[in-house]
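Reading through the structure tokens given below for one structure.
The values are calculated or read from the model by the stated rules, or taken from the named source; none is laboratory data. These numbers were taken from a predicted model, which means no experiment stands behind them. Every residue, glycine as well, gets a Cβ built from its backbone with ideal geometry; the counts of neighbours run over all protein chains shown. These area figures cover heavy atoms from the full protein model, side chains too; ligands, DNA and RNA do not enter into them. Shrake-Rupley method; radii C 1.70, N 1.55, O 1.52, S 1.80 Å.
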Amino acid sequence: MFLSVVATLPLACLVAGSTYHRTDNIVGSGFLSAFSFQAISDPTHGRVNYVNAQTAASQNLTFASANSFVVRADSKTVLNPSGAGRNSVRLQSNKQFTTAVMIFDVKHMPQGCGTWPALWTVGADWPNQGEVDILEGVNDQGTNQATLHTNAGCTMPASRTQTGTSVLNNCDVAATQNSGCGVKVNDARSYGPTFNNNGGGWYAVERTNAFIKVWFWPRNGGVPSDISSGSTSVNTDNWGTPVANFPSTTCPISSKFGPHNIIINRGDWAGAVYSSSGCPSSCVDYVNNNPSAFTNAYFEFNSLRIFQ
Ligand SMILES: *[C@@H]1O[C@H](CO)[C@@H](O)[C@H](O)[C@H]1NC(C)=O
């Protein structure tokens, strides 16, 4: 009797581990209450000036309708070379999350030379509470890369079950010149103009103490039905092989990753690789003198749904 009760517990735990219930359904103006504006000079030294909520609204850098939320960079002003960078927006979630599933339904991501769009989560005291980059790329180059950044003592196995290609397997920023352990998504539709021309798609991340996984589905490319139907619960066991899989085998996830805020921004990575990516003149000159080049430098979200 006693033994049989004990024996059923691990099974119950396994089922609960992959079914999650929706806790946050962020749509339209919901983004403005779920996130705060970080009006800070760009910590990564890009040619960007992050503005507050009031300035963003008055310059239409944020725009909410019933079923969409747009966040953009200024595309009207020629900049003074000795003045501030181009106005843009950096949003930080008011809530923090540890183990959770997040699904970003993205209709459009910032594209063009000089843009560095990013969706990521980060804890306090970087890199000690870790960073998870879900969507990140630069100057329209290639495909998306999903990356973990940690302090020393977190590495990834060379071989693991994922559809993407590992770039580096040491997540320690000190050992990798801040690069961390990245996985490139092998699907051109995951990023930049190709992503946008295809109507965007979904990025999802699942964080448990045993792994962090990232999935990507293009708009018309086999997204699981619990996601496309907007279900209030999801089962990640049915989502297939992730594009990036970061197991805890040689990375104690529960101690390397603390409570995280979600960050949405576009921001010196673009500068660092600018000249090698076929963009005109220098990055700073280009950003200063070509406001209209930023017409497509916007994120449009259908929703952000969080499950725990
Ligand atoms: C503000 O931006 C939205 C989204 O791009 C656009 O539909 C709207 O026309 C813009 N409003 C103004 C006044 O430019």
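What are the pairs with Cβ atoms under 6 angstrom where one residue, in segment 292-305, is farther than 18 Å from residue 234 by Cα and the other, located anywhere, is within 11 Å of the ligand (Cβ to nearest atom) and among the aromatic types (Phe, Trp, Tyr)? Sequence gap at least six, or different chains.
301/69
Tell me the strands (runs of 3 or more DSSP E) entirely within segment 123-222 that contain at least 1 residues that are more than 24 Å from residue 96 (Cα to Cα).
On the way: elements: 131-136, 145-149, 181-184, 201-207, 211-218.
Correct list: 181-184, 201-207, 211-218.
Restricted to segment 123-137, and to residues that are open to solvent by less than 10 Å² (accessible area, probe 1.4 Å) and under 12 Å from residue 256 (Cα atoms), which residue is nearest to the chain's Cα centre (by Cα)? Lay out the reasoning, then the answer.
First pass over segment 123-137, keeping only residues open to solvent by less than 10 Å² (accessible area, probe 1.4 Å): 130, 132-135, 137.
Keeping just the survivors that are under 12 Å from residue 256 (Cα atoms) gives 130, 132.
Details: 130: 14, 132: 8 Å.
Applying the filter and picking the extreme gives 132.
Do you know which residues across segment 17-40 are aliphatic (A, V, I, L, M) and open to solvent by less than 40 Å² (accessible area, probe 1.4 Å)? Even if it seems obvious, please write down each step before you answer.
Taking segment 17-40 as the starting set, the residues that turn out to be aliphatic (A, V, I, L, M) are 26-27, 32, 34, 39-40.
26, 34 - these are the residues of segment 17-40 that are aliphatic (A, V, I, L, M) and open to solvent by less than 40 Å² (accessible area, probe 1.4 Å).
So, of the residues in segment 41-60 that are aliphatic (A, V, I, L, M) and open to solvent by 20 Å² or more (accessible area, probe 1.4 Å), which turns out to be nearest to the ligand (Cβ to nearest atom)?
From segment 41-60, those aliphatic (A, V, I, L, M) are 48, 51, 53, 56-57; that's our starting set.
This time we only want the ones that are open to solvent by 20 Å² or more (accessible area, probe 1.4 Å), so: 53, 57.
On the way: 53: 15, 57: 10 Å.
Applying the filter and picking the extreme gives 57.
Each row is one residue, and each column tells you yes or no for (1) over 23 Å from residue 294 (Cα atoms); (2) at pLDDT 85 or above; (3) part of a helix (DSSP H, G or I).
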| site | (1), (2), (3) |
| --- | --- |
| 10 | yes, no, yes |
| 16 | yes, no, yes |
| 20 | yes, yes, no |
| 28 | no, yes, no |
| 45 | no, no, no |
| 54 | no, yes, yes |
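Every residue in segment 192-229 that is farther than 15 Å from residue 307 by Cβ and among the basic types (Lys, Arg), please.
Passing the criteria: only 219.
Looking at (1) open to solvent by 10 Å² or more (accessible area, probe 1.4 Å); (2) in a loop (DSSP other than H, G, I, E, B), which is the only condition residue 251 fails?
Answer for residue 251: the failing condition is (1).
Quick one: in segment 103-122, which of the residues that are polar (S, T, N, Q) and over 9 Å from the mean Cα position of the chain (by Cα) is least open to solvent (accessible area, probe 1.4 Å)?
Step one: list which residues in segment 103-122 are polar (S, T, N, Q), which gives 111, 115, 121.
In the following step, the residues that additionally are over 9 Å from the mean Cα position of the chain (by Cα) were identified as 111, 115.
Values: 111: 39, 115: 1 Å².
Top of the filtered list is 115.
Which condition number in (1) at pLDDT 70 or above; (2) within 16 Å of the ligand (Cβ to nearest atom); (3) open to solvent by less than 20 Å² (accessible area, probe 1.4 Å) is the one that residue 306 fails?
(2)
Give all pairs with beta carbons closer than 6 Å in which a residue from segment 61-84 that is among the aromatic types (Phe, Trp, Tyr) and open to solvent by 30 Å² or more (accessible area, probe 1.4 Å) meets a residue that is within 12 Å of the ligand (Cβ to nearest atom) and assigned to a strand (DSSP E or B); count only pairs at least 6 apart in sequence or on separate chains.
From residues that are among the aromatic types (Phe, Trp, Tyr) and open to solvent by 30 Å² or more (accessible area, probe 1.4 Å), the pairs are 63/70.
Matching residues to (1) farther than 25 Å from residue 117 by Cα; (2) loosely packed, with under 15 Cβ neighbours inside 10 Å:
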residue: 201; (1), (2): no, no
residue: 210; (1), (2): yes, yes
residue: 216; (1), (2): no, no
residue: 221; (1), (2): no, yes
residue: 227; (1), (2): no, no
residue: 233; (1), (2): yes, yes
